[in-house]
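We did not get these values from a lab; they are worked out from the coordinates using the rules stated. Computed from a predicted structure; not experimentally measured. So basically every Cβ, Gly included, is an ideal-geometry build from the backbone, and we count neighbours across all protein chains shown.
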Amino acid sequence: MRVVAAGRPGRHRSVRAAQAAVVAVVVAAGVSISAPAQAGAGRSDRILGLWEVQSIDGSANNRANPTWGKIDTIYPRVGPAWYADGLNEIVDLPSERYVSNRIFNDMDQNLYSPHGVSQWGFVWGQFVDHSIAQRLGRRLVSPPGETRNIAFDNADPMESFRNDIGIIPFDRSRPADDTGITTPRDQINTVSSYLDAAAVYGNSHERLDWMREGRVDGDPRNNGAKLLMPGGYLPRRDTRGDASTAPNMVAGGQLFNTPEKAAVAGDQRANENPALLAIQTLFAREHNRIVGQLPNWLPEQDKFEIARTVVAAEKQYITYTQFLPSLGVDLPRYSGYKPGVDASVTNEFATVGYRAHSQIRGDFRLEAKVGRYSEQTLNRLRELDVEVTVEGNTVKLMIPMGEDAFFNPDLLELLQLGPMLQGVGLRPQTRNDELISNMLRSFPFFIPVPGNPNCSDDPALPPCLPGRNDLGAIDIARSRDHGMPSYNDMRAAYGLPRKSSFKAITGERTESFPADPKLTPGAEIDDLDSLDFTALYDVKGKRTTPAADNAVRAERRTPLAARLKAVYGSVDRLDAFVGMIAEPNLPGRDFGELQLAMWRKEFTALRDGDRFHYANDPLLPLVRAAFKIDYRKSLGDIISLNTDIPRSQLAPDVFRVADAQRKTIPPPNSGERLLPNSRTRALGNLGSAKPAALAALLPPGLALTGTVSRAPRRPRRHRES
């Protein structure tokens with residue numbers, strides 16, 4: 001057998017020999033390989049000169065359809081678009097804020113996940129979202145489409161907040177070229193659809209070149225294998241000197257006046273909140289940890305691509321074995337890569353199905369030993385509206401999701417990565433239903449006025465104009481902007497039967513308002529008392545109180561179905577997003593029927609249509625065999641490996657709070673193609689492998705020649721401890 005090892009001219013023979021030994025893992029004794037010229041050693045786009053590198057922009061994942069899942073392509077649709085003129089104009093439906101005030105208002109009462117899903121449910125969900133979807137026209141990322149602000153009526157009897165500018169700012173997404181004229185308006189996904197860890201690495205070589213150690217010259221292949229992480233945190237835009245040459249990052253909130261201090265990650269939205277920035281930082285550290293485990297003889301580019309492959313596999317593995325099961329999303333058993341499946345994220349999923357703002361609670365809780373934080377740090381945290389409580393040897397921190405927490409990378413460094421990540425798993429997320437926290441549904445912001453351009457609190461300066469942002473209203477507006485089907489048409493598109501009444505949607509007994517002395521007869525929909533909570537229940541079904549802060553279910557003064565009917569009139573005019581989250585959760589799941597169907601379809605396609613899915617990528621077993629690097633880790637494992645938080649201080653499954661842990665953890669083998677006759681991936685176990693099995697592990701275009709002979713017997717070694 002002759003193996004040509006990749007390497008630079010003049011490198012020591014032992015280096016080439018080591019590379020050849022790794023390649024030999026998959027060809028075994030007595031087997032040779034032949035390859036077309038374009039797959040030969042020395043190719044910069046192949047690991048060890050052999051294994052294909054996944055493209056940075058999602059292109060060519062599917063060989064027959066190389067643009068499937070690629071950046072800057074149209075979101076495909078599952079059902080027909082719904083525009084007023086069939087092409088572009090938004091359908092005339094009740095005002096988004098009007099709907100929000102009557103359907104989404106939680107009256108500051110938390111209802112938690114009945115299955116004990118921790119805050120990792122929504123934090124990981126956002127991390128995944130930022131890897132697979134970002135519409136063209138998102139302000140601060142790309143030029144927006146037409147302005148179509150959402151009306152805000154301070155005189156609305158159901159309005160509990162003041163907005164002196166009279167609108168919630170909203171821009172339409174930019175339309176895809178040549179759509180909305182003779183064919184329905186379509187939208188563009190500016191990131192790759194695949195779960196390829198694009199949130200960590202980005203989708204362009206230019207961004208990646210800046211983020212890697214080494215010089216910035218437009219070619220990341222001559223950089224170091226590690227990501228730039230001064231002090232173990234993501235670099236800021238001014239880390240390399242001139243912030244104007246750094247990659248763009250969304251810089252709102254605390255970063256609005258200092259965008260050069262934004263942390264730089266693969267995804268431009270990374271600074272949005274401290275938990276999101278923490279998970280971005282964690283996986284950048286994880287990349288560097290994996291690089292540190294690889295041998296020095298490997299070229300820097302090969303080390304980088306191996307680490308990138310493992311990180312992407314870890315993200316996929318956690319998504320499919322922890323994240324989805326925690327929410328009750330079960331998928332058909334994996335049966336291998338299917339080249340006929342388009343993994344492109346659909347418009348319906350990105351715009352409706354994956355919207356889960358109801359799961360976001362309004363704060364994070366952290367705990368640490370007294371002495372971890374200096375008094376100076378604690379005082380700075382207090383200035384940022386963090387509630388600090390010292391109880392014995394423990395300091396407890398409550399971080400509200402207010403204006404001081406958004407777009408504030410300094411906050412994460414003050415809190416420190418380990419405690420922040422540990423804290424995300426301590427408390428349950430809120431229930432996935434129609435309620436959205438007022439922290440998100442009526443988030444305050446201020447418009448500068450002459451004489452006070454920075455909106456200072458100085459009483460000597462003129463006050464700025466208060467405004468309000470409403471994520472729930474924006475969710476509705478975005479679905480209309482993208483021409484989403486009506487609720488019943490969306491159900492039909494996903495193979496579900498239509499609903500004939502509002503009570504059939506919500507599962508309630510009636511869709512009429514009750515005769516109640518606290519309500520105004522005939523005007524119940526405009527009576528704030530209609531939203532009162534009349535009973536709260538804990539996870540055991542016992543009555544509880546608001547002060548106990550442990551409710552998972554509630555009764556209100558009026559049925560949700562009655563309020564939906566009063567707002568929309570007909571079920572056939574119901575927004576798909578509103579109808580979806582109004583459905584009751586199915587038993588054992590955190591989703592209603594429609595949302596579950598949408599998640600099942602999308603995540604099955606993301607898995608089956610990805611040639612580099614962890615259960616299909618032949619490089620991963622080789623990396624485990626040659627370098628003892630295994631992607632099959634839980635999120636808790638990765639947190640412990642990259643912070644000073646011991647594994648014992650994290651839940652076995654961090655996606656569930658302590659009292660909701662599953663009795664068993666899924667075994668590590670989740671359907672991946674194993675190396676032949678090997679579960680431990682030991683290098684000496686390949687001698688009896690069949691050529692067909694070995695061929696399955698080789699890169700496309702490589703062929704086995706010759707016959708397989710028994711590997712020479714080697715002296716038995718004692719296992720090292």
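Some points to look at:
- Per-residue ellipticity at 222 nm from helix content only, as computed over the chain with -39500 (n - 2.57) for each DSSP H run of at least four residues, stands at -7500 deg cm²/dmol.
- Approximating the spin labels as points 7 Å out from Cα along Cα→Cβ, the Q661-to-R63 distance works out to 4.6 nm.
- Taking all Cα-Cα distances within the range 251-398, those exceeding 19 Å account for 73%.
- What the Cβ-Cβ distance of F161 and T510 gives, at R0 = 30 Å and to the nearest 0.05, is a FRET efficiency of 0.50.
- Straight-distance crosslink candidates among lysines, where the alpha carbon sits under 21 Å from K499 and sequence neighbours closer than 8 are dropped: K565, K601
- F256-I181 pseudo-label distance in nm [points 7 Å out on the Cα-to-Cβ vector]: 3.8 nm
- The range 93-113 residues near the modelled K518 label - backbone nitrogen below 18 Å, point 7 Å along Cα→Cβ: 102-111
- The H on the amide N of R556, modeled in the peptide plane, is under 5 Å from the matching H of T534, each at least 5 residues off or on a different chain.
- Fraction of alpha-carbon pairs over 44 Å apart in the chain - percent: 27 percent
- Sequence-distant residues sharing a close amide H with F446 (under 5 Å, placed H): G467
- The aspartates and glutamates whose alpha-carbon is closer than 17 Å to the alpha-carbon of K338, local same-chain residues fewer than 8 away aside, are E602, D608, D610, D617, E672.
- Under a model in which nothing but the beta-carbon of Lys, Arg (+1) and Asp, Glu (-1) is charged, the range 333-460 shows a dipole of about 700 debye around its Cα centre.
- Modelled spin labels at L331 and R573, positioned 7 Å past Cα toward Cβ, are 4.0 nm from each other.
- For the range 208-294, dividing the convex hull volume of the Cα atoms by the residue count gives 89 Å³ per residue.
- Positive-end extreme of charge dipole, the range 415-561 - chosen from N438, M484, S500 (charges on Cβ): S500
- Dipole magnitude (debye, nearest 20) for the chain, charges at Cβ of Lys, Arg, Asp, Glu: 4460 debye
- Straight-line cross-link reach from K369 at under 26 Å between alpha-carbon atoms covers these lysines, not counting any fewer than eight positions away in the same chain: K396.
- Protection proxy ranking of 116-124, 586-594 - average other beta-carbon atoms within 10 Å, highest first: 116-124, 586-594
- Whole-percent pair-distance distribution, where bins are 5 Å wide, for the alpha carbons of the range 53-109: 4, 14, 11, 11, 11, 11, 11, 11, 10, 5, 1
- Compared with the direct C-alpha span, the chain from R543 to R148 gains 137.8 nm at full extension, assuming 0.36 nm per residue.
- A simple charge model with +1 on the Cβ of Lys and Arg, -1 on the Cβ of Asp and Glu and nothing else charged puts the dipole of the range 473-552 at about 500 debye relative to its Cα centre.
- Sorting 479-488, 48-57 by their mean Cβ neighbour count within 10 Å, with the most densely packed peptide first, gives 479-488, 48-57.
- Tail weight of P(r) past 23 Å, computed on alpha-carbon pairs of the range 500-582, percent: 31 percent
- Where a label projected 7 Å from the Cα of N379 along Cα→Cβ would reach, residues of the range 405-444 with amide N under 19 Å: 411, 414-415
- Near the amide H of E52, within less than 5 Å, lie the amide hydrogens of I47, all on another chain or at least 5 residues away, with H placed in the peptide plane.
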